[in-house]
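Here's the structure, in structure tokens; my notes come after.
The values are calculated or read from the model by the stated rules, or taken from the named source; none is laboratory data. Treat the numbers as computed from the prediction; the structure is a model and nothing was measured. Here Cβ is always computed from backbone atoms with ideal geometry, including for glycine, and neighbour counts include all displayed protein chains.
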Amino acid sequence: MNLPNLFDFATSELSQDAFICWLASWANPALKVKDGALHATATAFLDRLLEVGRVPKWAEYHTIEIHRQWKDIDVLIVLNGDTAIIIEDKTDTKDHSGQLRRYQQAVGVKFPADRIASVYLKTGDQGTYKSVDEAGYGRFLRRQFLDILEVGERDEELLDLARTVETLQRAESLMDAALLRLAHTGGEGGEPQSRALPVTP
């Protein structure tokens, strides 16, 4: 029997937003004495977000402010009163309507561009990231999230999300393998085939 998993019930992006906020909050230096391992995982998470967003990391996080849905931004994290991390959090949906640039403009009123880390956090699948790249967002994808979660798997909430992300990763690997087999067999167990597309005069 599989163990109950929090994220089997909390499947929406808002649930994932809440987890991101919860994990980031553990980077508060005052919480290190409460759970050193979880604090280390949270600190590694913030370090990686800054790296992905192409903003220099801090040697130490003195203050951490976490905002949900400020100016419609999924998660906004302010570090040491000086650096902002914009997190656009997606599970199985994708960005739309120029939202990514709007978020940067909103945060840019308060922070200089070189102190804004724009991060597109995606745990589901997405065919293209063209609009994400064009908007200047760094990609924090499923594998990277899993790497961070594996640092602190002793915590039950981290274990729950790690199991969920691992399941998605395995499903993607199986799909890739199936598509590769189809490409080599033409989908019918025979030799590779090429199909001509109909030409419209």
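Just a yes or no: is a residue in the range 137-158 surrounded by 14 or more Cβ atoms within 10 Å (Cβ to Cβ), at pLDDT 85 or above and among the hydrophobic types (A, V, I, L, M, F, W, C)? Checked the range 137-158: at least one residue is surrounded by 14 or more Cβ atoms within 10 Å (Cβ to Cβ), at pLDDT 85 or above and among the hydrophobic types (A, V, I, L, M, F, W, C). At least 2 residues being in contact with a Ser or Thr (Cβ under 7 Å, 6 or more places away or on another chain) and surrounded by 14 or more Cβ atoms within 10 Å (Cβ to Cβ) is the threshold, and among the strands (runs of 3 or more DSSP E) wholly inside the range 11-111 those reaching it are 64-70.
Does any residue in the range 40-60 that is closer than 11 Å to Gly138 by Cα and modelled with pLDDT of 95 or more come within less than 6 Å, Cβ to Cβ, of a residue that is part of a loop (DSSP other than H, G, I, E, B) and of a type outside the set (Phe, Trp, Tyr) six or more places away or on a different chain, and which pairs are these? Listed by first residue and then by second, the contacts come to Leu50/Lys57.
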